[in-house]
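The values are calculated or read from the model by the stated rules, or taken from the named source; none is laboratory data. Just so it is clear, the model here is predicted, and its values are computed rather than measured. All Cβ positions, even for glycine, are placed from backbone atoms using ideal geometry, and neighbour counts span all protein chains on display. SASA here: full protein model, heavy atoms, side chains in, ligands and nucleic acids out. Shrake-Rupley method; radii C 1.70, N 1.55, O 1.52, S 1.80 Å.
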Amino acid sequence: MTVKAVKMPCTSANVYTKVPDGGWGWTVAFAFFVVEALTYGIIKSFGVFFNDLMDSFDETNSRISWIISICVFVQTFTAPLSTVLSNRFGHRLVVMAGGLLVSAGMVIASFARSVVHMYVTIGIVSGLGYCLSFLPTVTILSQYFDKRRSLVTAVASTGECFAVFSFAPAITALKEQIGWRYSMLSVGVLQLGITVCGSLLRPIVIREQEEVKAQPPEESTETKYMLENEQTCTSIESIDSGVDITTSPSNVPGKTKAEPKSEEPKQHGQNPVDNSSTPPAPKTKLLDFSVMRDYSFICYAFFGLFATLGFFAPSLYIIPLSRSLGIGKDHSAYILSAMAIAEVFGRIFAGWILNKKPIRKIYIELICVILLSVALVAFPFASGFWGLMICSVYFGFMLGTVAGTHIPLLAEDDVVGIERMSSAAGVYVFIQSLAGLAGPPLAGVLVDTTKNYSSAFYSCAAGMVLGAVFLALVRPCKTGLCHHHQQQQQQQQQVEESTAGPPPELPDDFIDMDIGKAENSGKGSDSVV
């Protein structure tokens, strides 16, 4: 079947007969690229302000880390709210509102006089805006693609990497000219582009074409009547005996012509069924928590919970770690940029691999998570500029393979499937919020306690290893435990059917027997009288 799109106004939904794997989806992919750059790209580039905030507010590492921690926590904790608002008002309005909140929080933060003000502006206001901007965009992008979903999502998510590559050196150079406050103000104004991207997110409706089957020509009523009488040998005696053998409405004395069947619903007070009309679409739940009963989703949610510990802290502490090793500001920014470029190749590579058929995507994800854990352990052993550069490139590549695919992987049948992805993504990111809140401050406390930035990377590696354990249980829970439970139910049904025995067989001439009994009873009553 060919893909057909119905031309509608720009503010209306795109209606297709099947998932287009393109079309307006390419525009949505570009919008997602820019949204990624202005959301996660800014969050990961926030490390360039780290030392400036410590000097301006005279605060410790852990207290400054709470800015990003609160931001990530609010972004992930309010994910169910983003799902509910998207299902109620549409993805376009939600993303546009999120862009306004992101920009307002960052602009107001540039005038902050204490770290507490940063907690409110960037942590709460911008954090809520990040949630309303990112999650609806990646959800609607998954709906526009099917066969090429993994590759397109991975390539579009590289906007985050290009943002880190370009923003880190640019903001560093901008701070030297106008200071960190005006640099943060410029970033906030730039984030208004999220609102423009939100206006491009046209909703999609999949409406399958109905195949019209040719109906055989109807026979005349008199012909049907004659055939029925020949087949059943209908007579007046059979009518008098009380046994109605034929199902024809003409089997009534005094009628020589059967009534058309199309008039039967009207006689019973029913409306005729119009087969040409499409059935009404089922009402979409604002938030479906039934995914919490799926064991495979629960394991996948725990994977996201622990893996999040290793997502943000390395990019946040890579510059302080390089400074502690005696590397200058410019070279530290280059290390962060190299990590971002490697992440671009990692995302594209993961999308290309996962797009291959046939392949079990959940196992590829597990291998990437294990290799990412090795990358986190390697950071404390790096020494000098080139040692840290090699570790950063390796970590960035492996981070790209995981970060660009862990949310779109919810649409696969091994987890929940495309039908329940919208609600599953909200619940999944909500569970991630706990790790997003605890990850960077935990790393900051370890750094302040041990006076060594290596401890932050060890904590991230421990969380990633736990995430790999739960990710390894997703596929067994989907096919092993659930399949075993279904087999037990089928075996129980077979046992019940075997104990009940076969149903009693009726004789072929049971109608004749009933007619004979009726005639004998009639004769007996006449003799009594």
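One residue stands out in the range 20-76 among those that are surrounded by fewer than 19 Cβ atoms within 10 Å (Cβ to Cβ) and β-branched (Val, Ile, Thr): the one that is nearest to Ile140 (Cα to Cα), namely Thr27. The residues of the range 72-92 that are over 16 Å from Val429 (Cα atoms) and part of a loop (DSSP other than H, G, I, E, B) amount to a single one, Gly90. Somewhere in the range 110-118, is a residue assigned to a helix (DSSP H, G or I), in contact (Cβ under 8 Å) with a residue 24 or more places away in the chain and under 14 Å from Ile43 (Cα atoms)? Yes, the range 110-118 contains a residue that is assigned to a helix (DSSP H, G or I), in contact (Cβ under 8 Å) with a residue 24 or more places away in the chain and under 14 Å from Ile43 (Cα atoms). Screening Val205 on (1) at pLDDT below 85; (2) assigned to a loop (DSSP other than H, G, I, E, B) shows it passes everything except condition (2).
Against the definition (under 21 Å from Thr308 (Cβ atoms) and aliphatic (A, V, I, L, M)), how does Ile68 come out, yes or no? The answer is yes for Ile68.
Scanning the range 345-372 for residues that are touching a residue at least 60 places away in the same chain (Cβ under 8 Å) and open to solvent by less than 10 Å² (accessible area, probe 1.4 Å), we see that the one that is nearest to Thr158 (Cα to Cα) is Arg347.
Of all the criteria given as (1) surrounded by 20 or more Cβ atoms within 10 Å (Cβ to Cβ); (2) under 16 Å from Ala468 (Cβ atoms); (3) in contact (Cβ under 8 Å) with a residue 60 or more places away in the chain; (4) not aromatic (Phe, Trp, Tyr), the one not satisfied by Met398 is (3).
A search for C-beta distances below 8 Å between a residue of the range 50-71 that is free of Cβ contacts under 8 Å to residues at least 24 places away in the same chain and part of a helix (DSSP H, G or I) and any residue that is surrounded by fewer than 17 Cβ atoms within 10 Å (Cβ to Cβ) and of a type outside the set (Gly, Ala, Ser), counting only pairs 6+ apart in sequence or on different chains, returns Met54/Thr60. The set of residues in the range 319-338 being open to solvent by less than 10 Å² (accessible area, probe 1.4 Å), in contact with a helix residue (DSSP H, G or I) (Cβ under 6 Å, 6 or more places away or on another chain) and in contact (Cβ under 8 Å) with a residue 24 or more places away in the chain consists of Ser322, Ala333, Ile335, Leu336, Ser337.
For the range 416-424, the criterion of being more than 25 Å from Val74 (Cβ to Cβ) and either more than 24 Å from the chain's Cα centre (by Cα) or hydrophobic (A, V, I, L, M, F, W, C) (or both) is satisfied by at least one residue.
Within the range 140-169, the set of residues being open to solvent by 10 Å² or more (accessible area, probe 1.4 Å) and either polar (S, T, N, Q) or within 19 Å of the chain's Cα centre (by Cα) (or both) comprises Gln143, Asp146, Lys147, Arg148, Arg149, Ser150, Leu151, Val152, Val155, Ser166. With respect to the stated conditions, Gly426 is at pLDDT 55 or above and at negative phi. Does Asp21 qualify as being outside any loop (DSSP other than H, G, I, E, B) and among the acidic types (Asp, Glu)? So Asp21 fails the test. For the range 78-93, the criterion of being over 25 Å from the mean Cα position of the chain (by Cα) and among the charged types (D, E, K, R) is met by none of the residues.
Scanning the range 447-480 for residues that are open to solvent by 10 Å² or more (accessible area, probe 1.4 Å) and aromatic (Phe, Trp, Tyr), we see that the one that is nearest to Cys299 (Cα to Cα) is Phe470.
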